[in-house]
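Working notes, beginning with the structure itself.
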Amino acid sequence: MNETTQYAELLKPSWAPPSWLFGPVWTVLYAIIAISFGTIFYKAFTKQIPWIVALPFALNLVFNFAFTPIQFGLKNNFLASIDILLVIGTLIWALYSIWHNVPTLRWVVYVNIPYLLWGLFATCLQLTVTFLNK
């Protein structure tokens, strides 16, 4: 069974988007993430910023990429809810870290606003799906 079929079988709130919307949204978000997070990692590797500033960006990627295997591989809504809370938490930490420690890279915060907004929406959706399918 593929992810679209699994998503379709879950109980969802009336405000849940159709499954076909996730692909295009994540395509745009991953392009933003690749450019902005890539810049952060480049600056850390070249010692232009401290690694501690890049840490929440790295953790965000780990939690972000873990979501699909947890949700659709393990089929575990509870763990997926914990994971998505970690995704949004590390994203907020990352953006806060840049804003306060590297003012010259504040553009990274601005370009990640769509990721933050989608992440907040996805977190509400996942928590609701978890509650509805318990």
So, by mean Cβ neighbours within 10 angstrom, what's the order for 7-19, 111-123, 88-100 with the highest one leading? 88-100, 111-123, 7-19
Between the helical axis of 77-101 and the dominant principal axis of the chain, each derived from Cα atoms, what acute angle in degrees is found, rounded to the nearest 10? 20
Roughly how tilted is helix 113-132, in degrees to the nearest 10 and between 0 and 90, from the longest Cα axis of the chain? 30
Set of lysines with alpha-carbon distance to K75 below 20 Å, sequence-local pairs under 8 removed: K12, K134
Find which of Y110, S97, V62 sits farthest along the positive direction of the dipole of the chain, computed with +1 on the beta-carbon of Lys and Arg, -1 on that of Asp and Glu, about the Cα centre. S97
Förster radius 41 Å - calculated FRET efficiency between E9 and L55, Cβ distance, rounded to 0.05: 0.65
Can you give the FRET efficiency for V62 and T128, using 1/(1 + (r/R0)^6), R0 = 25 Å, r = Cβ-Cβ distance, to the nearest 0.05? 0.55
Equivalent ellipsoid semi-axes for segment 22-132, as square roots of 5 times the alpha carbon gyration tensor eigenvalues: give them largest first, rounded to whole Å. 26, 13, 12
Let me know the charge dipole size of the chain about its Cα centre in debye, to the nearest 20, where only the beta-carbon of Lys, Arg (+1) and Asp, Glu (-1) is charged. 240
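Read the figures in this text as sums done on the coordinates, not as results from a lab. It should be emphasised that the depicted structure is a prediction, and the values quoted were computed from it without experimental measurement. Positions of Cβ are generated from backbone atoms using ideal geometry, with glycine treated the same way; all protein chains shown enter the neighbour counts.
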